[in-house]
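Read through the structure below, which is laid out as structure tokens, and then see the notes.
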Amino acid sequence: MKCRLAHDQAIRSMVWSHKDNWLVSGDDGGAINPNIGGFVYTDDYQQTPAAEGNRLKRRGPTNLGEIWALDGSWKIPLPLDEQGQPIGPDGKTFVRWLGTFMRNGLLCPLVPVAWPNVEEKFKLDCWSEIEKRYLIDPDIVQPPDQMGWAMHILGVLRRNRRTKLKKDHVKVGVTKE
């Protein structure tokens, strides 16, 4: 059985098996190797070279599954400035998480055009999801105003989403026919 060192290039990522018996690592050249004790047994493992120009997509829309997985037993404190704007890394994550509502047609439909015309049912569903996961400072945004504050942010994000979709998918000069 032949053995060689696992990688010739810098290692990009590594993942341990469920029981920590072995390690799979990938390098900058695209080589993926199962490692046992720092060596790869090459007799029974065939490396498939990556096709030129077919690199994996590195970025895409975030889903923020770790926030969606929260069940309400623990809430994330939301840092706000004195104007009620989310600040810091947690504030940025909050706004990004609200952006995931826009990609979910069950929570936030894209029609009707104007946010005030969206059915109250959708707004209440969005608010219940926000309330379940985030703790909004009552000294900055009073509890009776918190839903309206959150709906304003959702309205802005929804308008931005509609504008981006229109820019990306509607062809200029082409009629609806």
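The values are calculated or read from the model by the stated rules, or taken from the named source; none is laboratory data. Source: prediction; values computed, not measured. Note that we place each Cβ from the backbone using ideal geometry, even for glycine, and neighbour counts take in every protein chain shown. Note: areas computed on protein heavy atoms with side chains; ligands, DNA, RNA excluded. Shrake-Rupley method; radii C 1.70, N 1.55, O 1.52, S 1.80 Å.
So is residue 149 aromatic (Phe, Trp, Tyr) and more than 18 Å from residue 63 (Cα to Cα) or not? Judged against the criteria, residue 149 is a match. Restricting attention to region 119-147, the residues being in a loop (DSSP other than H, G, I, E, B) and without any contact (Cβ under 8 Å) to a residue 24 or more places away in the chain number 4. Scanning region 62-77 for residues that are surrounded by 10 or more Cβ atoms within 10 Å (Cβ to Cβ) and in a loop (DSSP other than H, G, I, E, B) yields 62, 63, 64, 70, 72, 75.
Every condition in (1) under 20 Å from residue 8 (Cβ atoms); (2) loosely packed, with under 10 Cβ neighbours inside 10 Å; (3) modelled with pLDDT of 70 or more holds for residue 55 except the one numbered (3). For residue 159, only one of the following conditions fails: (1) under 21 Å from the mean Cα position of the chain (by Cα); (2) open to solvent by 80 Å² or more (accessible area, probe 1.4 Å); (3) free of Cβ contacts under 8 Å to residues at least 24 places away in the same chain. What is its number? With respect to (1) under 21 Å from the mean Cα position of the chain (by Cα); (2) open to solvent by 80 Å² or more (accessible area, probe 1.4 Å); (3) free of Cβ contacts under 8 Å to residues at least 24 places away in the same chain, residue 159 is out only on (3). Residues in region 78-118 that are polar (S, T, N, Q) and assigned to a loop (DSSP other than H, G, I, E, B) were compared, and the one that is most open to solvent (accessible area, probe 1.4 Å) is 83. Restricting attention to region 129-141, the residues that are surrounded by 12 or more Cβ atoms within 10 Å (Cβ to Cβ) and either farther than 20 Å from residue 75 by Cβ or not acidic (Asp, Glu) (or both) total 7.
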